[in-house]
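Data first, discussion second: the structure below is written as structure tokens.
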Number of protein chains: 2
Amino acid sequence: MKTLSENKCFGGVQGVYSHESTATGGEMTFAVYIPPQAKKGPVPCLWYLSGLTCTHENAMTKAGLQAHAAEFGLAIVFPDTSPRGEGVANDEAYDLGQGAGFYVNATQAPWAPHFQMETYIATELRDLVQAQFPVSIHHGITGHSMGGHGALTLAMKYPSQYRSLSAFSPIANPSQSDWGRKQLGAYFGGDESLWTAHDAVCLLKEKGWVEDILVDQGADDQFYDLLKPEALAAALAETKTAHSFRLQSGYDHSYYFVSTFARDHVAWHAARLK
Amino acid sequence: MKTLSENKCFGGVQGVYSHESTATGGEMTFAVYIPPQAKKGPVPCLWYLSGLTCTHENAMTKAGLQAHAAEFGLAIVFPDTSPRGEGVANDEAYDLGQGAGFYVNATQAPWAPHFQMETYIATELRDLVQAQFPVSIHHGITGHSMGGHGALTLAMKYPSQYRSLSAFSPIANPSQSDWGRKQLGAYFGGDESLWTAHDAVCLLKEKGWVEDILVDQGADDQFYDLLKPEALAAALAETKTAHSFRLQSGYDHSYYFVSTFARDHVAWHAARLK
């Protein structure tokens with residue numbers, strides 16, 4: 001693991017690191033915020049998964065999460081959203097390929113060799129963070145948009161790894177949305193029955209989630225139709241999953257929305273990880 | 001004035017606007033955050049001046065100021081750092097010309113026709129903001145690095161316009177620094193006696209500041225030698241100016257530093273503007 005930068009922030013350290021990933025077959029960059037409380041011992045760890053076109057950097061610089069992490073004593077991990085670099089497949093569209101890994105393990109060419117983000121996040125980077133940083137074994141997960149999809153689906157796929165779960169305006173039902181059908185088709189092929197294992201609404205119905213879930217969604221989100229929050233709200237109620245689903249009047253899809261409710265999410269995870 | 005974007009944020013509105021500026025002879029972009037309290041009447045207004053290479057956008061997205069502005073009920077204005085565009089003089093260096101206006105009115109070619117940032121900020125944009133947004137006549141000013149220099153010098157040049165003053169790691173003594181000598185020489189010519197009117201340390205000694213000043217400076221600032229905080233600390237004490245100068249252990253020059261102490265500055269201004 002290489003240290004690319006470390007900056008003191010709210011009494012803790014915001015670092016950016018890189019490492020050679022076995023899962024994705026290349027160099028991956030990620031960021032970790034370690035709060036001041038970690039000087040006294042391991043702290044719980046919240047994973048923040050970002051949306052389409054993002055890297056580790058967007059949420060790290062724009063979400064204001066460090067202030068809340070320092071207040072509540074959580075570490076935060078900001079992974080990248082896909083493999084990158086020469087030799088890694090890509091697409092001209094912003095919503096497929098690099099910057100759009102969808103947190104799944106692709107099985108189809110040309111994506112399969114590097115697009116193994118599910119294993120990367122849930123296993124490889126998890127092990128690395130656990131080994132290299134003063135974090136406890138208590139991890140939670142959240143994310144925004146495609147990262148909200150990632151948080152919901154990874155939590156349900158790996159329930160023993162994540163004790164707390166929330167999402168900001170997640171892509172909730174990708175198998176029924178243009179933010180999902182193209183990507184699941186590319187990464188898994190045309191057999192739609194394979195897609196539901198990577199769709200939060202379907203997973204809620206098939207596997208469920210034993211803890212509770214916090215979801216914030218902007219009512220004026222410009223991508224509302226692509227996110228399918230109504231399908232998520234219905235599935236949460238239908239499956240009797242304990243949750244708080246908040247439709248926030250006037251808010252859009254931007255980081256102005258995420259930053260506004262970031263403290264509520266950190267507090268939510270802190271209460272459940274301690 | 002044109003509205004480029006508006007996003008709901010912490011119950012208020014983060015907007016980006018542009019207008020044709022008489023002072024700088026071209027189109028200028030700026031941002032304003034209006035907190036939720038403004039629905040009930042005019043709110044005090046804090047000006048945040050940015051540093052070298054920045055636009056209106058850096059602090060708007062990275063400083064986390066909106067959360068505090070919403071908490072304390074202040075509007076925040078984020079101006080650009082220079083005129084821009086075709087026909088506007090520039091220099092290959094990052095620290096002269098576009099992105100580096102130093103908040104002064106240049107008298108020398110090729111800068112004089114557009115680089116009139118002092119008049120732009122203190123008069124033209126002030127009048128525009130006063131006319132177009134629900135802000136009271138109580139204004140404060142702060143800034144980072146070159147913007148800290150701008151805040152300190154504009155406040156002392158226009159004491160009737162600014163009732164509260166603070167700065168993050170300001171360029172404190174530009175007439176004695178490589179962050180200043182080149183620029184003051186370019187904008188005002190070689191007569192160094194003309195430079196002191198645009199140097200916070202010199203202005204403190206010549207004109208002073210009747211209110212108090214908050215200054216935060218990172219002890220591990222990578223530009224410490226260029227900023228001359230020791231000259232500012234000495235001048236504040238020598239002139240018996242009421243102030244709080246805080247050297248913050250371990251912090252550097254980045255927005256991780258600014259965001260960490262942003263709430264203290266907003267609280268400082270709010271207490272003095274109400």
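List of remarks:
- Here is the P(r) of the range B:97-190: all C-alpha pair distances, binned every 5 Å from 0, give 3, 13, 22, 24, 19, 12, 5, 2, 0 in whole percents.
- The mean sequence distance of close C-alpha pairs (under 8 Å, at least 6 residues apart), as a share of the length of chain A, puts its relative contact order at 18 percent.
- Computed from the Cβ-Cβ distance with R0 of 60 Å, the FRET efficiency linking B:E71 to A:D191 stands at 0.70.
- Amide hydrogen neighbours beyond the local backbone of A:I213, cut-off 5 Å, H modeled: A:H243, A:S244
- Karplus 3J(HN,Hα) series, Hz, for the range A:126-134 with 6.51 cos²θ - 1.76 cosθ + 1.60 (x for Gly, Pro): 4, 5, 5, 4, 4, 7, 9, 10, x
- FRET efficiency, A:E238 to B:T107 (Cβ-Cβ, R0 51 Å, nearest 0.05): 0.10
- Reachable aspartates and glutamates, given that their alpha-carbon falls under 14 Å from the alpha-carbon of B:K207 and they are not under 8 places away in the same chain: B:D199, B:E238
- Residue-count net charge about A:D178 - beta-carbon cut-off 10 Å; Lys, Arg +1, Asp, Glu -1: 0
- Exam field: A:S193 pseudo-label spacings to other copies (7 Å along Cα-Cβ), nanometres: 9.1
- Here's how it looks for B:Q248: its modeled amide H is under 5 Å from those of B:Q217, B:G218, B:A219, which are all 5 or more places away or on a different chain.
- Three principal axis lengths of chain A [C-alpha, angstrom, descending]: 50, 43, 33
- Phi angles of the range A:87-94 translate, via the Karplus equation with coefficients 6.51, -1.76, 1.60 and θ = phi - 60°, into HN-Hα couplings of x, 9, 4, 8, 9, 5, 6, 5 Hz per residue; Gly and Pro are given as x.
- Rg and Dmax over the alpha-carbon atoms of the protein assembly as shown stand at 24.9, 78 Å.
- Positive dipole terminus of the protein assembly as shown, leading residue within A:L49, B:H138, A:A89 (C-beta point charges): B:H138
- Annotation: A:R163 carries an accessible surface of approximately 100 Å², with a 1.4 Å probe and no ligand, DNA or RNA atoms counted.
- Using just its DSSP H runs of length 4 or more, each adding -39500 (n - 2.57), chain A gives a mean residue ellipticity at 222 nm of -8500 deg cm²/dmol after division by all residues.
- Under the Debye formula (equal points on every Cα, no solvent term), log10 I(q)/I(0) of the range B:63-151 at q = 0.20 Å⁻¹: -1.01
- Surface listing: A:E118, A:E57, B:E206 arranged by accessible area from highest to lowest gives B:E206, A:E57, A:E118, probe 1.4 Å.
- Label-point separation in nm, A:E86 to A:T119, each point 7 Å along Cα→Cβ: 2.5 nm
- Whichever lysines have a C-alpha closer than 18 Å to that of A:K62, once near sequence neighbours (fewer than 8 apart) are set aside: A:K8, B:K8, B:K62
- Reducing the range B:1-52 and the range A:240-274 to their Cα centroids gives an inter-centroid distance of 27 Å.
- Both chains summed, the buried accessible area for A and B stands near 1600 Å², from protein heavy atoms and a 1.4 Å probe.
- 1.4 Å probe, heavy atoms, protein only - residues of the range A:1-46 losing at least 20 Å² accessible area vs chain alone: A:N7, A:K8, A:C9, A:F10
- Heavy-atom accessible area, probed at 1.4 angstrom with all protein chains present, ranks A:K8, A:K205 as A:K205, A:K8, highest first.
- Taking 0.36 nm per residue of sequence separation and removing the Cα-Cα distance, the B:S5/B:A131 pair yields an extension gain of 43.5 nm.
- The rotation axis taking chain A to chain B passes closest to this chain A residue's Cβ, listed with the gap in Å: A:G64, 2.
- Drop in accessible area of at least 30 Å² in the complex versus isolated chain, residues of the range B:239-258, 1.4 Å probe: B:Y251, B:D252, B:Y256
- Derived scalar couplings between HN and Hα for the range A:165-178 equal 8, 8, 7, 9, 5, x, 6, 8, 9, x, 5, 10, 9, 5 Hz in order, rounded to whole Hz, by the Karplus curve 6.51 cos²θ - 1.76 cosθ + 1.60 (θ = phi - 60°), x for Gly and Pro.
- Average accessible area per residue (Å²) across the range B:47-181 - probe 1.4 Å, nucleic acids and ligands excluded: 29 Å²
- In nanometres and ascending order, the distances from the A:K207 label point to those of the other copies are 6.5 (point 7 Å from Cα along Cα→Cβ).
- Inter-copy label distances at A:K240 (7 Å, Cα→Cβ; nm, one decimal): 7.6
- Ranked by solvent-accessible area (1.4 Å probe, protein heavy atoms only, all chains present), the residues A:K62, B:K2, A:K40 order from largest to smallest as A:K40, B:K2, A:K62.
- Scanning residues 5 or more positions from B:I141 or on other chains, those with amide H under 5 Å from its amide H are B:W47, B:S164, B:L165, B:S166, with H placed 1.01 Å from N in the peptide plane.
- Whole-percent carbon and sulfur share, accessible surface of chain B, 1.4 Å: 51 percent
The values are calculated or read from the model by the stated rules, or taken from the named source; none is laboratory data. Please read these numbers as outputs of a predicted model, since none were measured by experiment. Ideal geometry is used to build each Cβ from the backbone, glycine not excepted, and the neighbour counts take in all protein chains shown. Accessible surface areas use protein heavy atoms only, side chains included; no ligands, DNA or RNA. Shrake-Rupley method; radii C 1.70, N 1.55, O 1.52, S 1.80 Å.
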